[in-house]
1. Between Ser68, Ser93, which is over 22 Å from Asp174 (Cβ atoms), assigned by TED's automatic domain parsing to the domain that holds Gln251 and of a type in the set (Ser, Thr, Tyr)?
2. Identify all residues within region 1-25 that are over 17 Å from Arg206 (Cβ atoms) and modelled with pLDDT of 50 or more; write none if there are none.
3. What pairs come out if I take residues in region 116-138 that are touching a residue at least 60 places away in the same chain (Cβ under 8 Å) and pair them with residues that are among the basic types (Lys, Arg) whose C-beta lies under 6 Å away, six or more apart or interchain?
4. Confirm whether Gln74 is crowded, with 24+ Cβ neighbours inside 10 Å and touching a residue at least 60 places away in the same chain (Cβ under 8 Å).
5. If you take the residues in region 130-165 that are closer than 17 Å to Met114 by Cα and of a type in the set (A, V, I, L, M), which one is farthest from the chain's Cα centre (by Cα)?
6. When the residues of region 151-190 are narrowed to those that are basic (Lys, Arg) and in contact with a strand residue (DSSP E or B) (Cβ under 9 Å, 6 or more places away or on another chain), which ends up nearest to Cys33 (Cα to Cα)?
Amino acid sequence: MSKSTVRDFGSKINVNKICSLGDAVSELVHDGCSLAISTDLEQRIPFAAAHEIIRQRKRELTLMAPISDMLADQMIAGGTIARVLAAWVGNVSAGLGHNFRRAVESGIPHHVEMVDYSNFTMALALKAGAMGVPFIPTRSTLGSDLLRRNPGLEPLTDARTGEELVAVRALRPDVAIVHVQRSDEDGNCHVWGNLGVTLEAVRASRRTLVIAEEVVSRQVIVSDPNRTLIPGFLVHAVVHQPWGAHPSPVQGYYNRDHRFFSDYHHQTRTWEGTKQWLGEWVYQVADREEYLCRIDREPLLLKNHAPAAPVDYGF
């Protein structure tokens, strides 16, 4: 991938940002950087990107994972994460994130620092970063221990009214990695369904990597501007990777693989089981295409389609 495909394009338009997942991770994700990843509400979790980060053995990353599910647990197991900013790390359908717990409590495979947020204050921190302001005031978390544990949440007194508030300090990740339904080659993206804090994360981050189920023409994107929630000028690289969010769902494309989540939970109860899982699904898999050959996609295909009504943008 040439440097021109992944840097700040300024006022340039129609710049082809398509590249391979391996090249995108190599160029954008550096040791010690901070990542906003897994920012939707339990769908479009970029597992393909996380597995590539593990395979490339990135290290000392700070993970901002508002809706982490088991992606964060896998990245911790792979030795990539030094610090987690989140409200919770686990496996939504099963409970605990075994590798997260082992890392925090016992330093296996290495110690991970946990910085506790609530889901709401994490959203506010990213929104502040997106707005370019130093903090956003809130009443949330007043009276909680979070104020003692997180330097990004500071007591604040309104000088005018004397009201006690909390200043949620802005977060500006180095890289946001997001999965979308479709993108054009310039990085203009159509996204629908639960968005979580994806838009805030993209706008707050210094660079954005988009993983797309489909890469479509610019004409398809401009046909529905209200669905173009991520503009291309915020995007540095686009990877075309169908099924790149498996085992999480992508609305309109495939459903959640419940068994995969459950199997992961049971196999990773021990560190030995975790190493076997990483070998089978990450280290011994050359790329996402080989990964997809190992899963049964048929049961995950959509059973009912619910297309939106057409919109007339006529003039």
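The values are calculated or read from the model by the stated rules, or taken from the named source; none is laboratory data. The shown structure was predicted, so the numbers you read here are calculated from the model rather than taken from an experiment. Note that we place each Cβ from the backbone using ideal geometry, even for glycine, and neighbour counts take in every protein chain shown.
1. Numbers: Ser68 fails: over 22 Å from Asp174 (Cβ atoms).
On inspection, the qualifying residue turns out to be Ser93.
2. Passing the criteria: Val15, Asn16, Ile18, Cys19, Ser20, Leu21, Gly22, Asp23.
3. Final answer for the pair search is Gly129/Arg172; Ala130/Arg203.
4. Against the criterion (crowded, with 24+ Cβ neighbours inside 10 Å and touching a residue at least 60 places away in the same chain (Cβ under 8 Å)), Gln74 qualifies.
5. Leu147
6. Let us first name the residues in region 151-190 that are basic (Lys, Arg), namely 160, 169, 172, 182.
Still in the running and in contact with a strand residue (DSSP E or B) (Cβ under 9 Å, 6 or more places away or on another chain): 169, 172, 182.
Numbers: Arg169: 18, Arg172: 11, Arg182: 27 Å.
If we take residues in region 151-190 being basic (Lys, Arg) and in contact with a strand residue (DSSP E or B) (Cβ under 9 Å, 6 or more places away or on another chain), then Arg172 is nearest to Cys33 (Cα to Cα).
For every residue, the table says whether it meets (1) in a loop (DSSP other than H, G, I, E, B); (2) at positive phi; (3) of a type in the set (Phe, Trp, Tyr); (4) more than 24 Å from the chain's Cα centre (by Cα).
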{"site": "Glu289", "(1), (2), (3), (4)": "no, no, no, no"}
{"site": "Asn304", "(1), (2), (3), (4)": "yes, no, no, yes"}
{"site": "Ala308", "(1), (2), (3), (4)": "yes, no, no, yes"}
{"site": "Phe315", "(1), (2), (3), (4)": "yes, no, yes, yes"}
